[in-house]
Structure formats: C-alpha cells, structure tokens
Amino acid sequence: MDSTTTTIEKAASLTKPTPTATELAFNYLMFGMSVAITSAFAYYLLSDPTRLADAWTWIRQLPLLVQLLAWLLFLPWMFALWVMVQPWALAVRLVLVIGTLLFTEYLLFPWKP
C-alpha cells in the first residue's frame with residue numbers, strides 16, 4: 001500500500017504546472033511577434049532579397065552597443081541576415097535560414113505538448 005501511494009505522488013509531481021493567464025498572454029504575444037518578424041523576413045527574401053542586404057548594412061552602421069542589443073533581442077533573425085549576406089551557395093544559405101527560422105517558430109509555439 002505504501003509503494004502505491006509513493007508511485008502516485010511521484011506521478012503527480014511529474015505533471016506540468018498549469019501556466020497562469022499572464023504567462024499564456026506573454027507566450028501568445030511572443031509567438032505572434034515571432035511570426036510577424038519571420039513573415040516580414042520571408043516576404044523580403046522572396047520579393048526583394050537586396051532589402052535584406054540593405055538591412056544588414058544599416059544594422060552594421062549602428063553603434064556597437066546597439067548592434068549587440070539587436071543581436072541579443074533578435075538572434076535568430078540576425079543570424080539569418082548574416083547567413084544571407086555570406087558568399088555561400090544559395091541552397092546552403094536557404095537551408096540555414098529556413099531551418100533557423102522554422103526552429104525558432106517551433107520553440108516559441110505556445111501549444112506544444
């Protein structure tokens with residue numbers, strides 16, 4: 001009888017806690033912002049890739065502290081911008097960019113089991 005109670009208590013302690021309304025709102029907000037930024041990146045990638053290069057040039061002209069802050073806040077998209085301006089084969093760049101951005105969306109997806 002004692003081992004059954006212990007097993008039930010262990011199983012109960014392994015369940016995920018329910019997120020609060022504030023946590024849910026934050027998760028949905030972050031996911032929405034991520035989808036918006038990724039959609040804009042994809043739009044410019046498909047319509048006019050030179051705009052991405054222009055964005056990279058503009059960011060590189062900012063003061064170093066602002067650049068570091070941009071890299072910290074927008075790491076996946078900054079990495080994708082950096083990859084797009086590299087002289088690598090287009091197929092390699094596209095695989096890296098698409099993989100990075102899809103992985104980012106997966107990580108921020110609020111309905112994960």
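All of the numbers you see were taken from the coordinates with simple rules; none came from a lab. Model, not experiment: these values are computed from the prediction. Glycine gets a Cβ as well: all are built from the backbone with ideal geometry, and neighbour counts include every protein chain shown.
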Fewest-first sequence of L101, L64 by Cβ atoms within 10 Å of each Cβ: L64, L101
Helical segments meeting 15 Å axial Cα length and Kyte-Doolittle -1.0 threshold in the chain (DSSP H): 2-14, 21-47, 49-60, 90-108
For S34, S39, order by how many other beta-carbon atoms lie within 10 Å, fewest first: S39, S34
Spatial separation of Cα centroids for the range 98-113 and the range 46-72, in angstrom: 23
Exposure proxy order (Cβ contacts within 10 Å, fewest to most) of Y106, Y28, Y44: Y106, Y28, Y44
Gain in span if fully extended, Q67 to L46, counting 0.36 nm per residue against the direct Cα distance: 5.0 nm
Most fluctuating residue given options T15, T57, T38, as computed from a GNM of the chain linking Cα atoms under 10 Å: T15
Over the chain, relative contact order from alpha-carbon pairs under 8 Å, at least 6 apart, %: 32
Gain in span if fully extended, W82 to T57, counting 0.36 nm per residue against the direct Cα distance: 8.0 nm
Global geometry of the chain, whether rounded, prolate or oblate, following the gyration tensor of its Cα atoms and the 1.5 cut on a/c: prolate
For L81, net neighbour charge (Lys/Arg +1, Asp/Glu -1) across residues whose Cβ lies under 12 Å away: +2
